[in-house]
1. Where in the stretch A:142-196 are there helices (runs of 4 or more DSSP H), lying wholly inside it, with at least 2 residues that are open to solvent by less than 10 Å² (accessible area, probe 1.4 Å)?
2. Give the residue that is nearest to the chain's Cα centre (by Cα), with candidates limited to residues of the stretch A:356-377 that are surrounded by fewer than 24 Cβ atoms within 10 Å (Cβ to Cβ) and among the small types (Gly, Ala, Ser).
3. Tell me, please, whether a residue that is outside any loop (DSSP other than H, G, I, E, B), more than 9 Å from RNA strand B (Cβ to nearest atom) and more than 45 Å from the chain's Cα centre (by Cα) can be found in the stretch A:39-55.
4. Looking only at strands (runs of 3 or more DSSP E) that lie completely in the stretch A:304-420, which have at least 3 residues being hydrophobic (A, V, I, L, M, F, W, C) and under 23 Å from residue A:130 (Cβ atoms)?
5. Taking the stretch A:256-294 only, how many residues are modelled with pLDDT under 85 and in a helix (DSSP H, G or I)?
6. Assess whether residue A:346 counts as being under 15 Å from the mean Cα position of the chain (by Cα) and either at negative phi or not aromatic (Phe, Trp, Tyr) (or both).
7. If a residue has to be surrounded by 15 or more Cβ atoms within 10 Å (Cβ to Cβ), more than 9 Å from RNA strand B (Cβ to nearest atom) and at pLDDT below 80 to count, how many in the stretch A:378-403 make the cut?
8. Regarding the stretch A:15-35, can at least one residue be identified that is within 11 Å of RNA strand B (Cβ to nearest atom) and open to solvent by 90 Å² or more (accessible area, probe 1.4 Å)?
Amino acid sequence: MLDIKKLLVDKPETLRTKLEQRGCPPDTLHRLRELYEPFRTLIHRRDELNARRNRESHEIGALMKAGQKDEAESRRIAVRELGDQIGKITPELSEAEKRLHEFMLTIPNLPHDSVPVGPDESANQEIKRWGTPPQFDFKPLDHVELGNDLRILDIERAARITGARFAILRGLGARLERALINFCLDLHTQPFNPETKLHGYEEVWPPLIVNDRTLIGTGQLPKFEDDLYRLKDVEDVSMELDAQKTTPRKYYLIPTAEVPLTNIYAAETLEGSRLPIKMVAYTPCFRSEAGSYGKDTRGLIRQHQFDKVELVKLTRPEDSYDELESLTRDAEAVLEKLELAYRRVALSTGDLGFSAAKTYDIEVWLPSQNTYREISSCSNCEEFQARRAMNYLRFSRSPNSKPEFVHTLNGSGLAIGRLWVALLENYQQADGSVVIPEALRPYIDGLELIK
RNA sequence: GGAGAAGUCGCCUAGUGGCUGAGGGCGGCGGUUUGCUAAACCGCUAUAGGGGCGUAAACCCCUAUCGAGGGUUCGAAUCCCUCCUUCUCCGCCA
């Protein structure tokens with residue numbers, strides 16, 4: 001959520017250009033103003049009426065005490081009118097406030113000045129490359145063929161027990177998945193290295209089901225509900241029975257561990273000395289992939305359920321861009337240890353996710369596609385998430401200083417399913433076997449080869 | 001699922017209709033004193049919104065907030081209703 005007062009009132013030009021760069025409809029600013037002005041007028045009027053009533057009521061109290069009953073009685077009738085006016089204006093005000101707030105929740109974060117400006121992914125900027133894509137003197141297979149032949153991947157039967165975009169891993173395939181998860185977790189939970197600035201994350205096991213408030217906090221709601229799996233809500237029913245207005249909670253499967261992790265301290269004020277807070281979690285992730293029909297239909301690249309190790313940081317504002325660099329390095333370290341070629345790309349203003357101010361994608365080399373494919377996305381959301389939905393996630397520099405919003409960052413470290421794919425494809429041999437890179441062997445009983 | 005208790009300012013707590021945005025203690029910050037520490041004493045110690053404000057900070061004023069929402073009243077931390085959360089006991093369960 002943006003700081004409406006600071007931006008709309010003080011810096012409308014910045015707001016306009018940044019929204020444009022992001023591809024927001026051109027009338028966004030105008031609509032925002034149209035919602036903000038009546039809110040401002042109404043709240044001003046309401047405050048004035050309240051002030052008058054408070055003053056009058058106070059005086060009535062004094063009269064009563066002084067025994068001037070008649071005078072008090074007539075004043076009381078007059079003030080009752082005031083109350084009626086307030087009663088009339090209140091629903092108008094809350095309606096205006098609600099509409100403003102709801103609209104605010106649909107406006108994306110503003111891109112950081114260092115983000116390349118452009119309409120879509122064609123304007124993304126390659127930052128660096130690491131490693132050399134492997135050369136094969138045979139025609140490399142893709143992970144589906146490899147997995148089938150090795151009997152470690154079964155997509156057809158998964159379709160039977162669930163549907164499309166699900167997979168069964170078995171035998172060494174399942175074992176490999178588990179090894180990769182543990183490998184990533186062990187790497188990121190190593191003690192912080194002050195020289196390289198790497199690692200030092202606290203391991204977390206979060207809930208896999210979260211409520212709507214939490215999803216508003218990180219930005220998936222209200223705009224992207226279609227991408228989520230929603231659970232049937234038993235609480236809806238019990239609330240309807242007594243016809244109260246209490247908003248029922250909606251439950252969803254998490255699309256990424258970013259959601260529960262970033263929200264852990266929502267609405268709290270943290271001590272400044274605790275920052276940065278760095279957390280890592282392995283979780284399955286659930287995405288409906290609405291609107292991606294026909295995209296990546298083959299194999300494990302795009303699944304409704306996939307495993308991911310996620311990194312989340314809460315930092316001081318002045319540190320967040322350094323922390324984004326080191327978080328990205330943390331993610332890249334996984335690929336370097338496993339000796340998989342990758343490149344880093346800075347997303348352009350038109351390609352940024354909703355909550356991000358700046359994002360690096362890490363793309364791993366996939367021989368079957370002869371290209372680099374996204375395996376991690378590392379973002380600095382600045383204070384956007386910390387502000388949303390009254391989730392005032394803040395910190396105090398010292399006990400008496402005014403609380404400020406923390407900056408939130410997240411990044412995959414890494415997407416395990418895609419890592420599984422990259423490993424099979426990059427380490428395949430002519431006979432269809434797959435070499436296990438050395439760094440991973442301790443996690444898979446010292447196994448050197450899947451065949 | 002059944003029964004009971006409770007939710008006030010970072011923490012503990014006072015408060016049964018106006019003098020209460022809210023007293024006391026602890027903690028924290030600043031100061032006086034001091035060779036240093038401690039003690040003692042003094043002061044400060046919520047957040048959000050709106051306005052003064054015409055760049056920012058500072059400051060001032062108003063409004064809201066005593067778990068949440070609603071109601072009664074000229075006026076609600078206090079009375080009424082509903083909900084939420086936490087704790088205890090019983091039941092069930094991986």
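1. Output list reads A:143-149, A:172-188.
2. Within the stretch A:356-377, the match that is nearest to the chain's Cα centre (by Cα) is A:377.
3. Looking for residues that are outside any loop (DSSP other than H, G, I, E, B), more than 9 Å from RNA strand B (Cβ to nearest atom) and more than 45 Å from the chain's Cα centre (by Cα), one finds none in the stretch A:39-55, hence no.
4. Values: elements: A:305-315, A:342-346, A:358-366, A:371-380, A:394-396, A:407-415.
Per the criteria, A:358-366, A:407-415.
5. Residues that pass the stated criteria total 3.
6. no
7. 4
8. We begin by selecting, within the stretch A:15-35, every residue within 11 Å of RNA strand B (Cβ to nearest atom); these are none.
There is no residue in the stretch A:15-35 that is within 11 Å of RNA strand B (Cβ to nearest atom) and open to solvent by 90 Å² or more (accessible area, probe 1.4 Å).
The values are calculated or read from the model by the stated rules, or taken from the named source; none is laboratory data. Please read these numbers as outputs of a predicted model, since none were measured by experiment. Methodologically, a virtual Cβ is constructed for each residue, glycine included, from the backbone with ideal geometry; neighbour enumeration extends over all protein chains shown. Side chains included, ligands, DNA and RNA excluded: accessible areas come from the protein's heavy atoms. Shrake-Rupley method; radii C 1.70, N 1.55, O 1.52, S 1.80 Å.
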